[in-house]
Each structure stands twice: as structure tokens, then as C-alpha cells.
1. What pairs come out if I take residues in region 142-161 that are at negative phi and outside any helix (DSSP H, G or I) and pair them with residues that are away from ligand 1 (no atom under 14 Å from the Cβ) and open to solvent by 40 Å² or more (accessible area, probe 1.4 Å) whose C-beta lies under 9 Å away, six or more apart or interchain?
2. Could you figure out which of (1) under 16 Å from the mean Cα position of the chain (by Cα); (2) of a type in the set (V, I, T); (3) within 21 Å of G102 (Cα to Cα) isn't true of V52?
3. Output the number of the condition that T28 fails; it satisfies all remaining conditions of (1) farther than 27 Å from L122 by Cβ; (2) in contact with a Phe, Trp or Tyr (Cβ under 9 Å, 6 or more places away or on another chain); (3) modelled with pLDDT of 95 or more.
4. Go through region 1-90 and tell me which helices (runs of 4 or more DSSP H), entirely inside it, have 1 or more residues that are open to solvent by less than 20 Å² (accessible area, probe 1.4 Å), under 26 Å from I197 (Cα atoms) and within 16 Å of ligand 1 (Cβ to nearest atom).
5. Among (1) within 30 Å of Q255 (Cβ to Cβ); (2) touching a His at 6+ places or on another chain (Cβ under 8 Å), which single condition is E321 missing?
6. For region 106-141, name all the residues that are of a type in the set (K, R) and touching a residue at least 24 places away in the same chain (Cβ under 8 Å).
7. Which numbered condition trips up G147, out of (1) surrounded by fewer than 22 Cβ atoms within 10 Å (Cβ to Cβ); (2) within 11 Å of ligand 1 (Cβ to nearest atom)?
8. Please enumerate the residues belonging to region 360-372 that are exposed (fewer than 11 other Cβ atoms within 10 Å of the Cβ) and at negative phi.
Amino acid sequence: MLHDPNHLYIFDTTLRDGEQVPGCQLTTPEKIEIAKDLERLGVDIIEAGFPVSSPGDFQSVVELSKAVDNVIICALTRANKNDIDVAADALKYAKRPRIHTGIGSSDMHIKYKFNSTREEILERAVAAVKHAKSYVEDVEFYAEDAGRADLPYLAQMIEAVIAAGATVVNIPDTNGYCLPDQYGAKIKYLKDHVSNIDQAIISAHCHNDLGLATANSIAAVQNGARQVECTINGIGERAGNTSLEEVAMILKVHQQQFPGLTSTINSKMFTAISQKVSSMMRMPVQPNKAIVGKNAFAHSSGIHQDGFLKHRENYEIIRPEDVGLSEADIILTARSGRHALKHHLERLGYQLDKDQLAVTYEKFLVLADAKKDLCDDDLRSLMQS
Ligand code: KIV
Ligand code: ZN
């Protein structure tokens, strides 16, 4: 597979790593609706499911393969023949199919999950890639728990699977264990020590157990990874996966740190798709979640509100319009200053001179102390009183 070294491939796994979270299960029509939104959002790859895991998951991969035209559809397998046969069957209608196969790479997994040896695991990895390759050109290999794997062994495994035909090599920090500089150094080590690494795309797949999934994914990109695996709202196993919207906005805000790197993501869809995924998966978004949380563009302290109203860039590094919101929110609480109150009253059509504003502000503070959060109707009653 020819890949563009200047493109950051966005691999969305909302419908696989995200959907396996308890309570988040979707019906096939719901998955199709989200997949179509992801296609419009501009992701490069949709991981549609793990076909061998259940008949329902198999059918979803079949239906998504039929429904989506312009995005690679990927199916997950373990490193065994049956999983791969089933995934290939589920992908038979995909216009651009990818099989994502892999096995544990850390000594912990080799010993306690597979009761095996490094040599045997290496053979299974290579055999799985070769078998997947007999069905599809595009084969991604994941070295599970690479975050804790021995580096020379990981490099040996990655070199062997690329030689066997892997076009993408996924280096998962399955347990969200690494620090950003450690994960970045891991990617750099593979760039420097795997002789055929230029024949494959390096992919970052990070979990958020220490709240570092996004930082680790960005460190990977800074060190040569060109695919990031992520989910809408960062949903996923345990504390979740890398959040797609965070990665995209970091690349936008810090463009100069990533010269020439392209992405096809339309960030204006973030708010809508975040809300849809949250409600369909019954997984609320924390209010202070970066980019898509309810408070992500809400200014509440008096000092911030005043500075924001003087010049929005005093307290705004991302324009709300860029993520599909109409405007930033200035929340009226007892911590708000006169400037914020004046702004809201003018928005509702009230023009007050300095003295009128001073009197109204005193009454406003009493009301705000009693009521905590004020809405437009509260302000109208205040003005009528
Ligand atoms: O976290 C992980 O290691 C995974 C693999 C199955 C890709 O999700
Ligand atoms: Zn994962």
C-alpha cells in the first residue's frame, strides 16, 4: 500500500474499542449512522468491529462494509487462522478492506496470557500476517502491550511482520502505562532500528489509564508515527482511548510544530458527533472534557469574563465556531463582574448607563448568591423588578 508520509491517518475505533465498553453497545443501524458521520468527518479508517466475537459483531462489519464507500473498513482479529478467516468473510463487501491482527509483545503477556515464549509468539505473529495477506493487501499488525515490551524484541517483531507483509504496525500502549517521552522514544527507537520500517506506517494506539493517551499519541506523531487510533469523546476500555477531537485540535492549534502534516478532519462536526455518540452510547461527556465538554468554551470567573470581553483571545485558544459551536458562553454566577452582566443585558436589549448598571449589579449579586446559575428569564425578571 502506498502511503503519504505527510498525511496523519486518523483511525477511528469508536465502533470497536469504544463499543466494547459495558453499556455502550449499539445496534447495527446505529453503527451505520455513526460510521456515515465518521466518513463525513473525514477519518481515514473505521475499525468496524471484531467479527469473530459474536454473530452481531460479524453482521455489523458486513453492513458497515456495504454502507461506507470512501473510508478503509477494518476488522480486528487475534493471531489465529479462524479469527482471520471470519474477519475476511465479514469484510467481503468492503471497497477498501483492512485486517487488523496481532498478539501480545510484552514478556508479561507472553508468559501469563499465552504461556509461551518469545520465539513462538514471533512465529505466530508472522503466520497471522501472512494468512491475513492471503485475503487482503492492507494488513495492520498490533503488538499488544507494546508499552511494556522489551524494545529490541519489539523491534525484531515489527521487522518480521513488515517482512511478512504488514502495511501498518500498531504499537499499542494497551495499559496506558507510558509517559509521553517514553512512548515517543519507543517510536523513535523503532524508526532507527527496524531496517524495513519505511515500508509501513507506524500507528499509535494509546489508552488513558494515567490520563496520558492524547499526550502519548502526540509524542508518537512527533517521533514519526503517521497513524493515530482514537475514538469520539475518548470512549474506550477502562479509562478510555485517545480522544479524536483532542488530537485534531492539538494539530490545528500547534500547526507550526507539525510542518507539512495534513489531515482531512472537519472539526466543525465535533460538537454534533460528540453529542450523538454520547447519547447513542449512553455515555455522558464530562463537563470539563477538552474540546467537547459542556464547559469547554464557558467562561465563568469574573476576571476571565472581563478579559474575554475585552479581547476574546485573552482566554480563547480555539474558536468555538471551529468545533461547531455558535459562540463561547459567558456564564452568569455570583463570580461574574459588571462587564459580563452588561454584555448579557445588552444581548437581551437592555441599555444601562453607569449608575443604572451599578444598582442592577448589586441586585444581581443577591440573586446570583441565592440561585447559583442565572438564565435569561432571571435577567428579565431582574430588569422588571
Ligand atoms: O489496546 C490494545 O492493545 C488494543 C489492540 C487489540 C489493538 O485495542
Ligand atoms: Zn485498545
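The values are calculated or read from the model by the stated rules, or taken from the named source; none is laboratory data. Because the structure is predicted, anything quoted here is derived from the model rather than measured. No Cβ is skipped: glycine too gets one built from the backbone with ideal geometry, and neighbour counts run over all protein chains shown. Quick note on the areas: whole protein, heavy atoms, side chains included, nothing else; ligands and nucleic acids left out. Shrake-Rupley method; radii C 1.70, N 1.55, O 1.52, S 1.80 Å.
1. As it stands, the answer is A149/D107; D150/D107; D150/R118, since those pairs meet every condition given.
2. With (1) under 16 Å from the mean Cα position of the chain (by Cα); (2) of a type in the set (V, I, T); (3) within 21 Å of G102 (Cα to Cα) applied to V52, the lone miss is (1).
3. If we test T28 against (1) farther than 27 Å from L122 by Cβ; (2) in contact with a Phe, Trp or Tyr (Cβ under 9 Å, 6 or more places away or on another chain); (3) modelled with pLDDT of 95 or more, just (2) comes out false.
4. On the way: elements: 28-41, 55-67, 81-90.
Result: 81-90.
5. (2)
6. Answer for region 106-141, where residues must be of a type in the set (K, R) and touching a residue at least 24 places away in the same chain (Cβ under 8 Å): R118, R124, K130, K133.
7. (1)
8. Once the filter is applied, which keeps residues that are exposed (fewer than 11 other Cβ atoms within 10 Å of the Cβ) and at negative phi, region 360-372 yields E362, D369, A370.
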